[in-house]
Structures are given as C-alpha cells and as structure tokens.
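Here is the structure we will look at, set down as structure tokens.
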Amino acid sequence: MSWWQTLVVALTTYTITKIIDSILGIIKEKRDFKKSRREKIFTEIEDLKNEVGRYYETATRWRPFDQKLDIYTEQFSKEFDLIGRYNKYPEIAKFARQVIHHCKLVAQDEKEKANVPESKELLHQKFSEFIIACNKFVDNIA
C-alpha cells in the first residue's frame, strides 16, 4: 500500500470515528437532559406534597381554633403562590386546590364549632386522593 492510500484510510477512519462520537454524544446529552428534567419534576412534586401536607397537618391538629388562627392566616395568605407555581401540572394542582379548600372548610367549622369531625374526615379523603394523584404522576414520568 502506498503512503497516500494509507493516508486516505487513516483520514476515513478518523472521520468515521468522530462522526460516531458526535452521534453518541448527542444521544447521551438527550438522555441526561431527560433524566435531569424527570428529577426536577420529581423534586417539585415532592415539594408540593410537603407544602400541602403542612396545610393538612394544621387543619387536622386537635387544637382550639384560637391557637391555630395565626397559622391559618399565614398559610391561607400564601395559597395562591403555592398553587400558581404548580399549575403546569393541572391534574395535581386540581387536587391540591381541593385539599386547601377543605382545609379552609375545616377552619370555618372549627371557628363555628360545627361538623368538625365530618369536615376532617372529608379533608382526609381529599388529601389521600391528592397523594395518590401525585404518586401516579411521578410513576408515569419515571
């Protein structure tokens, strides 16, 4: 084989190797992007579950309404910011809204001292539905 044939073979091999490396790099970047996106969504859903869990825990605590009034006031003033950040997940945001709405109903019933056990039972149902919806959503992105 002459020197120029060896050169052509070497350059062809080098070019093919670089093309394959580029293709594999692009595939890896896409995979890493999808993985990081899934992790971000998972973290956001877990944060929402924690926040809504705080609302739920406040509402289901067996303390007098007067002792929880400051906590209710603080939490309910932030509800629009909380749900607004998660409207990109409409199904989960819907269930979160229902839980917070029922937390408000529990607070109202505690204030009026009427139907508190029934309200708390309904709130427990809504919170369970919310957790199930979050878990299904997370399972679907995994």
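Values quoted throughout were computed directly from the atomic coordinates according to the rules given, and no laboratory measurement underlies them. These figures come from a predicted structure and were not determined experimentally. Cβ sites come from the backbone with ideal geometry, for glycine too, and all protein chains shown count toward neighbours.
Can you tell me which condition G53 does not meet? The list is (1) out of contact with any Phe, Trp or Tyr (no Cβ under 9 Å at 6 or more places or on another chain); (2) within 18 Å of K126 (Cα to Cα); (3) small (G, A, S), and all the others hold. Checking G53 against (1) out of contact with any Phe, Trp or Tyr (no Cβ under 9 Å at 6 or more places or on another chain); (2) within 18 Å of K126 (Cα to Cα); (3) small (G, A, S), the one that fails is (1). Does G25 satisfy the criteria of being out of contact with any helix residue (DSSP H, G or I) (no Cβ under 9 Å at 6 or more places or on another chain) and either surrounded by 10 or more Cβ atoms within 10 Å (Cβ to Cβ) or over 16 Å from F127 (Cα atoms) (or both)? It is true that G25 is out of contact with any helix residue (DSSP H, G or I) (no Cβ under 9 Å at 6 or more places or on another chain) and either surrounded by 10 or more Cβ atoms within 10 Å (Cβ to Cβ) or over 16 Å from F127 (Cα atoms) (or both).
When the test is whether a residue is of a type in the set (K, R) and either in contact with a Phe, Trp or Tyr (Cβ under 7 Å, 6 or more places away or on another chain) or more than 21 Å from A133 (Cα to Cα) (or both), K113 passes it.
Among residues of the range 125-136 that are farther than 10 Å from Y56 by Cβ, those with a beta-carbon under 6 Å from a residue that is surrounded by 16 or more Cβ atoms within 10 Å (Cβ to Cβ) at least six positions away or on a different chain give the pairs E129/F95; A133/I92; A133/F95; C134/I45; C134/K49; C134/I92. Any residue at all in the range 79-95 that is loosely packed, with under 15 Cβ neighbours inside 10 Å, of a type in the set (D, E) and over 23 Å from N115 (Cβ atoms)? Looking through the range 79-95, at least one residue is loosely packed, with under 15 Cβ neighbours inside 10 Å, of a type in the set (D, E) and over 23 Å from N115 (Cβ atoms). Within the range 103-115, residues that are within 14 Å of F127 (Cβ to Cβ) have Cβ atoms under 7 Å from residues that are among the small types (G, A, S) and assigned to a helix (DSSP H, G or I) in these pairs: C103/A59; L105/S119; V106/A59; V106/S119, counting only partners at least 6 apart in sequence or on another chain. If only residues of the range 56-68 that are buried (at least 16 other Cβ atoms within 10 Å of the Cβ) and aromatic (F, W, Y) are counted, the one that is nearest to L123 (Cα to Cα) is Y56. For the range 28-45, what are the residues that are under 18 Å from G84 (Cβ atoms) and loosely packed, with under 12 Cβ neighbours inside 10 Å? Across the range 28-45, the qualifying residues are K40, T43. Taking the range 51-142 and the helices (runs of 4 or more DSSP H) fully enclosed by it, the elements with 2 or more residues that are small (G, A, S) and closer than 16 Å to I41 by Cβ are at 90-112.
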